[in-house]
Amino acid sequence: MALGYKSSSESYIRFLRKRGVKVGEGVCLFRPFQTTIDCQNPHLLTIGNYVQMTGPVTILTHDYSWSVLKRKYGEICGKQLKTVIGDNVFLGWGALVLPGTTIGNNVIVGAHSICSGRLESNSVYGGSPARYIMSLDEFYAKRSARQLDEAVQYVLSYKSGLGGVPPMEKLDEYFFLFWNREYEGFEPFEKKLRLVGNYEDSKEALRKKHKPFASYEEFLKYCEEQYGS
């Protein structure tokens, strides 16, 4: 990567496209200066829409293992394979995508996973090598069920560590628990709703979601009553 540690997600993606890699819309590299994307064979790499990569992620289309075979047997046995990452994929910290891997759509890949072969759509994978853990529907249900407990723990940890109650914007990942029309247009919440290009879908989900609390103040009161001030 030409810009090294000065690279941004946008500059890295421009570089990849200029080299000939197919990169979709809404792709984000959160640690571009720690990310390695093999563009030696740009025609062999496709990255879909709304792929989110933490760092340091590595994506390969080839390796140099044939050097050992060449030294031992004299023959060059190349390894250059098509690598495809689908739409709406999250690659966790330190994930490695090996040459020839195909990752489907709507896939979560856990931290430090080593991906090879085919990772099916609408699934969660993790491990070394990466193995199927659960469906995306199961993961959604699991995460949804934990939102209240995690939000409460966030508030209690904030109060014990920093003193006082957290301002409402600090709960910008948990506002589905207490949102009401008074918070319409609140920028920290709007920013989250605009992420990954499906604002209207998120607004509709927010409208339909049952809210356990009528306001942020009611949620804070619950934290105090149930778990102590």
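Just how far, in whole angstrom, is the stretch 177-229 from the stretch 43-60 if you go by their alpha carbon centroids? Between the Cα centre of the stretch 43-60 and that of the stretch 177-229, the gap is 32 Å.
What value, in deg cm²/dmol to 500, does the helix sum -39500 (n - 2.57) over DSSP H runs of n ≥ 4 give at 222 nm once divided by the residues of the chain?
Value at 222 nm, helices only, nearest 500: -10000 deg cm²/dmol.
Taking a straight Cα-Cα cut-off under 21 Å and skipping sequence neighbours fewer than 8 places away in the same chain, the lysines within cross-link reach of LYS192 are LYS142, LYS170, LYS203, LYS208, LYS209, LYS211. For the chain, the C-alpha radius of gyration divided by 2.2 N^0.38 Å, with N the number of residues, is 1.25. As a proxy for reagent exposure, LYS191, LYS159 were ordered by neighbouring Cβ count within 10 angstrom, fewest first; the result is LYS191, LYS159. Counting beta carbons within 10 Å around each of ILE114, ILE59 and listing the fewest first gives the order ILE114, ILE59.
Quick one: dipole size for the stretch 146-227, taken about the Cα centre, charges +1 on Lys/Arg Cβ and -1 on Asp/Glu Cβ, in debye to the nearest 20.
Magnitude of the dipole: close to 160 debye.
With a ≥ b ≥ c the root eigenvalues of the C-alpha gyration tensor of the stretch 4-136, is it rounded (a/c under 1.5), prolate (a/b larger than b/c) or oblate? Judged from the Cα gyration tensor, the stretch 4-136 comes out oblate (a/c at least 1.5, b/c at or above a/b).
Read the figures in this text as sums done on the coordinates, not as results from a lab. What you see is a predicted model, and the numbers here were worked out from it, not measured in a lab. So basically every Cβ, Gly included, is an ideal-geometry build from the backbone, and we count neighbours across all protein chains shown.
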